[in-house]
Amino acid sequence: MDDTLLEPALKAALAAAEAAGLRRGLRPVEGQEGPWLEVEGRRLLSFSSNDYLGLSHHPRIIAAAHAALDRWGFGAGASRLITGDRAVHEALEAALARLMGTEAARLFTSGYHANTGALPALAGSGDRIFSDALNHASLIDGCRLSRAEVQVYPHRDLAALERLLVRAPGGGRRLIVTDAVFSMDGDRAPLSGLVALAEQHGATLFLDEAHALGVLGPAGRPAGLAAEAGLEARVALRMGTLGKALGTFGAFVAGSAAACEHLLGSARSFVFTTALPPVVAAAALEALAVLQDEGEARRARLFAAVDHLRAGLSALGLAVGPERTPILPLILGSPERTLRVAGRLLEEGLWVHPIRPPTVPEGSSRLRIALSADHGIEEVDRLLRALPRCLEDTSRDGRSVA
């Protein structure tokens with residue numbers, strides 16, 4: 001398509017998105033990440049961040065980053081296979097493997113890079129991938145890039161997955177791919193059932209622990225859903241991110257030494273990407289130390305806020321879902337209504353981001369409420385007081401927001 005056709009097509013697409021309430025925009029934030037943000041000169045109480053343990057502004061992590069910056073500078077200069085590898089990368093991988101209880105871990109520059117790199121390296125033409133319908137976009141894209149045959153099973157439906165596994169022809173590798181905690185709904189994968197099906201049908205389970213790492217797990221070791229369920233040894237491959245509960249940046253895949261060695265030379269998003277900056281790796285390494293020292297206290301504060309919000313939403317007659325995680329979706333249906341409620345909350349000084357298709361299925365636009373260890377009970381109460389008023393106001397006056 002030449003430029004004379006491209007520009008009108010793009011403008012038409014933007015106009016269509018605007019009319020449907022689906023056009024996106026950016027709001028620059030001033031200052032550090034945390035529950036209170038300065039946006040366009042206003043101080044807002046945020047319930048939209050994935051910084052679940054409040055580590056993004058921890059003084060120890062900031063100090064470690066300063067020291068690493070003085071030692072290594074910022075950029076790594078090249079991929080790790082060329083000149084980008086540093087001792088701090090290897091130290092971080094070793095620490096992550098210890099946390100996850102695996103032989104090894106392989107660093108990637110983001111969760112998107114991890115999933116779109118690892119899955120095509122693990123499966124290809126002639127193989128089959130079985131993917132949950134509500135998996136994260138990075139898992140979906142990783143499955144597509146693999147060129148394997150991808151079969152999507154209804155969300156968390158073990159019976160449907162079993163039927164697909166039984167009917168699938170023999171030959172080739174089989175992967176079952178799922179989020180551990182689903183990012184938009186906050187519910188958990190039925191892990192014990194998935195493990196049993198994988199073992200029964202000769203499949204490998206690939207578990208994305210992005211929203212579970214640091215939040216779920218046994219006391220003293222919040223390594224995610226597999227750790228909490230005691231199923232680590234039966235889940236072959238787990239992906240985790242460093243930019244959510246760990247408050248830094250990057251991601252990894254943890255598994256056997258052979259699997260991580262394979263990713264070193266076969267995951268294109270590892271081979272052909274400049275290495276994670278050493279300063280970021282150093283900050284993440286310190287975040288793991290903070291997690292060891294303070295993780296239980298921070299998790300206790302986080303789940304006190306979660307329990308208080310769940311009880312408050314239930315008292316208001318609002319559905320909260322069955323799962324006890326820091327993600328609580330308030331499903332409003334249409335993009336227009338969701339934008340109106342988010343805009344009314346913004347007027348009240350509360351930032352609860354509206355989530356619309358294609359991020360979530362049609363008809364399930366929502367406010368995605370995300371809690372942090374930095375949210376106190378009084379801040380949760382502020383949201384609980386505002387929600388009924390904002391829901392009622394937007395139903396009555398029909399206002400929209402830009």
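The values are calculated or read from the model by the stated rules, or taken from the named source; none is laboratory data. Since we're looking at a predicted model, the values are computed, not measured. In this analysis, Cβ positions are derived from the backbone assuming ideal geometry, glycine residues included, and neighbour counts consider all displayed protein chains. With ligands, DNA and RNA removed, areas are computed over all heavy atoms of the protein, side chains included. Shrake-Rupley method; radii C 1.70, N 1.55, O 1.52, S 1.80 Å.
Does segment 35-42 contain any residue that is closer than 30 Å to ARG299 by Cβ, crowded, with 17+ Cβ neighbours inside 10 Å and at pLDDT below 95? Among the residues of segment 35-42, at least one is closer than 30 Å to ARG299 by Cβ, crowded, with 17+ Cβ neighbours inside 10 Å and at pLDDT below 95, which makes the answer yes. Just one of (1) open to solvent by 50 Å² or more (accessible area, probe 1.4 Å); (2) out of contact with any His (no Cβ under 8 Å at 6 or more places or on another chain); (3) in contact (Cβ under 8 Å) with a residue 24 or more places away in the chain fails for HIS201. It is (1).
For segment 26-33, the criterion of being under 18 Å from VAL280 (Cβ atoms), touching an Asp or Glu at 6+ places or on another chain (Cβ under 7 Å) and of a type outside the set (A, V, I, L, M, F, W, C) is met by at least one residue. Count of segment 168-193 residues, restricted to those that are open to solvent by 20 Å² or more (accessible area, probe 1.4 Å), touching a Lys or Arg at 6+ places or on another chain (Cβ under 6 Å) and not in a loop (DSSP other than H, G, I, E, B), is 1. Of the residues in segment 177-192, not one is over 22 Å from the mean Cα position of the chain (by Cα) and not charged (D, E, K, R). Among the residues of segment 195-221, those that are part of a helix (DSSP H, G or I) and out of contact with any Asp or Glu (no Cβ under 7 Å at 6 or more places or on another chain) comprise VAL195, ALA196, ALA198, GLU199, GLN200.
Yes/no per residue for (1) touching a residue at least 60 places away in the same chain (Cβ under 8 Å); (2) in contact with a strand residue (DSSP E or B) (Cβ under 6 Å, 6 or more places away or on another chain); (3) under 22 Å from ALA289 (Cβ atoms):
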| position | (1), (2), (3) |
| --- | --- |
| ARG42 | yes, no, no |
| THR83 | no, no, no |
| VAL88 | yes, no, yes |
| GLU93 | yes, yes, yes |
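A single entry from LEU263, LEU313, LEU350 fulfils the requirement of being under 20 Å from GLU209 (Cα atoms), surrounded by 16 or more Cβ atoms within 10 Å (Cβ to Cβ) and of a type outside the set (D, E, K, R): LEU263.
Being modelled with pLDDT under 90 and either at positive phi or not in a helix (DSSP H, G or I) (or both) is not true of GLY54.
Comparison of LEU26, LEU10, LEU22, LEU5 shows that the only residue that is in contact (Cβ under 8 Å) with a residue 12 or more places away in the chain and not basic (Lys, Arg) is LEU22.
Segment 66-167 holds strands (runs of 3 or more DSSP E) entirely within its bounds, and those carrying 1 or more residues that are over 20 Å from the mean Cα position of the chain (by Cα) and surrounded by fewer than 18 Cβ atoms within 10 Å (Cβ to Cβ) map to 149-153. Can you tell me which residue in segment 216-260 is most open to solvent (accessible area, probe 1.4 Å), limited to those that are in contact with a strand residue (DSSP E or B) (Cβ under 8 Å, 6 or more places away or on another chain) and among the polar types (S, T, N, Q)? Checked segment 216-260; the qualifying residue most open to solvent (accessible area, probe 1.4 Å) is SER256.
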